[in-house]
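Please read the structure below before turning to the comments.
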Amino acid sequence: MARVRRRGRLVGAVLAAVLGVSLAGCSSTGGLRAEQERAAKSAGGKAAVNTPRWTFAMVTHSGDGDTFWDIVQNGAQQAAVKDNIKFVYGHDKEAQRQSQLVQSYIDQKVDGLIVSLAKPSAMKDVIAKAEKAGIPVITVNSGAEASKAFGALSHIGQDETVAGEAVGEELNKRGRKKALCVLHEQGNVGHEQRCDGAEKTFKGDLQKLYVEGTNMPDVQSSIESKLQADSSIDAVVTLGAPFAPTAVKAKEQAGSKAEIDTFDLNAQVATGLKDGSLGFAVDQQPYLQGYEAVDLLWLYKYNSDVLGGGKPVLTGPQVITKKDAAALQDYTKRGTR
């Protein structure tokens, strides 16, 4: 009889564990994030698989000090630990030098490549060389429209036009009439798509302002001058989280009442949303872009799995406002949002 009771308790425990996993899997993004955290914690910094130690290289168009790409790397590195991957990273904001970095990894015979396509035409030939060398490629963040044509397995990111349209709609909800869209990297197709998308849905007037993103004092003075020259501007939209605090300073120096809004999220933006210095942010979950890129390459190498069916795997957009900021602050501080 005691043996029966013990067996009953054992079955009950197993069922409870199974139900717990099932329920966790039903909680959408929160469940996914929690599951990733549990997997990382249980791995204890060790691989959760026994597949070969493949080398995956990520090459992006990031400039120095861009916190957005730090978050992408954090996601990629976490997935690399889980998947027993040696992860290497290179970046250059100049398209030709980015292409040369990709070529260097092809020459090193890496097992997989993750590449951003901010300036697709400059990357087309080198992506073709990777394909010819038998190196699978996944694109992230920029260049969704070129990814499939270039032969990439999948593209992970947000549709920049759709994200821009979300900004235009949010500006309408807030009663804005004249917006300034600040582009910090000329020639970046994704940036143009963001501003064009916002202009498409915004019922007011939207103007573009091109600035040199690697020179923050120049960014601030350019925005400040524009706001001083046109007091009717009631919204400024920056295209990257690091530029939002600079736009806030420019607004203050110009004595403007314009609302500052931004694409992307980091700890400073979360704080700005909470204290009201920023109106809203459009998040594309960069941690997820890095994590999924590595994970999907591993799945392809291990099991020939491909996600997306030839269409982008979307990680955004999500409009974040003051009411969301407190819940996200812990995540931004640890570098995962």
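Just checking, how many residues over the range 173-183 are buried (at least 24 other Cβ atoms within 10 Å of the Cβ) and either within 19 Å of the chain's Cα centre (by Cα) or on the phi > 0 side of the Ramachandran plot (or both)? Result for the range 173-183: 1.
TYR302 passes every criterion in (1) in a loop (DSSP other than H, G, I, E, B); (2) surrounded by fewer than 18 Cβ atoms within 10 Å (Cβ to Cβ); (3) touching a residue at least 12 places away in the same chain (Cβ under 8 Å) apart from (1). Among the residues of the range 174-214, those that are over 21 Å from ALA250 (Cα atoms) and aliphatic (A, V, I, L, M) comprise VAL189, ALA198.
With within 30 Å of LEU117 (Cβ to Cβ) and open to solvent by 30 Å² or more (accessible area, probe 1.4 Å) as the only criterion, which of THR271, THR201 stands out? If you could, list the steps in order and put the result at the bottom.
Values: THR271 fails: within 30 Å of LEU117 (Cβ to Cβ).
Of the residues listed, the single one that is within 30 Å of LEU117 (Cβ to Cβ) and open to solvent by 30 Å² or more (accessible area, probe 1.4 Å) is THR201.
Scanning the range 84-115 for residues that are closer than 20 Å to ALA130 by Cβ and of a type in the set (D, E, K, R) yields LYS86, ASP92, GLU94, ARG97, ASP107, LYS109, ASP111.
Considering the range 224-249 alone, what residues qualify as being part of a helix (DSSP H, G or I) and either farther than 16 Å from ASP261 by Cβ or touching a strand residue (DSSP E or B) at 6+ places or on another chain (Cβ under 7 Å) (or both)? Selection gives GLU224, SER225, LYS226, GLN228, ALA229, ALA241, PHE243, ALA244, ALA247, VAL248.
I need the full set of residues from the range 274-294 which are part of a loop (DSSP other than H, G, I, E, B), open to solvent by less than 20 Å² (accessible area, probe 1.4 Å) and under 17 Å from SER116 (Cα atoms), in order please. Full working, then the answer.
Going residue by residue through the range 274-294, those that are part of a loop (DSSP other than H, G, I, E, B) are 276-280, 284-285.
Retained after the next criterion (residues that are open to solvent by less than 20 Å² (accessible area, probe 1.4 Å)): 278-280, 284.
Across the range 274-294, the qualifying residue is only GLN284.
Flag set for SER221, criterion: part of a helix (DSSP H, G or I), at pLDDT 95 or above, over 30 Å from ALA146 (Cβ atoms) and open to solvent by 10 Å² or more (accessible area, probe 1.4 Å). Annotation: of all residues in the range 102-124 being among the small types (Gly, Ala, Ser) and part of a helix (DSSP H, G or I), the one that is most open to solvent (accessible area, probe 1.4 Å) is SER121.
With the condition kept exactly as written, say whether any residue in the range 81-93 is modelled with pLDDT under 95, open to solvent by 40 Å² or more (accessible area, probe 1.4 Å) and closer than 25 Å to THR214 by Cα. Even if it seems obvious, please write down each step before you answer.
Step one: filter the range 81-93 for residues modelled with pLDDT under 95, giving 93.
Checking which are open to solvent by 40 Å² or more (accessible area, probe 1.4 Å) leaves us with 93.
Now drop any that are not closer than 25 Å to THR214 by Cα, which leaves 93.
Yes, there is a match, as at least one residue in the range 81-93 is modelled with pLDDT under 95, open to solvent by 40 Å² or more (accessible area, probe 1.4 Å) and closer than 25 Å to THR214 by Cα.
Scanning the range 291-337 for residues that are touching a Phe, Trp or Tyr at 6+ places or on another chain (Cβ under 8 Å) and aliphatic (A, V, I, L, M) yields a total of 5.
Looking at LEU297, LEU307, LEU265, can you tell me which residue is open to solvent by less than 20 Å² (accessible area, probe 1.4 Å), in contact (Cβ under 8 Å) with a residue 60 or more places away in the chain and more than 26 Å from GLU192 (Cα to Cα)? Show your work before the answer.
On the way: LEU307 fails: open to solvent by less than 20 Å² (accessible area, probe 1.4 Å); LEU265 fails: more than 26 Å from GLU192 (Cα to Cα).
It is LEU297.
The values are calculated or read from the model by the stated rules, or taken from the named source; none is laboratory data. Computed from a predicted model, the values in this text were never measured in an experiment. Reconstructed Cβ throughout: ideal geometry from the backbone, glycine too, with neighbour counts over all protein chains shown. Accessible surface areas use protein heavy atoms only, side chains included; no ligands, DNA or RNA. Shrake-Rupley method; radii C 1.70, N 1.55, O 1.52, S 1.80 Å.
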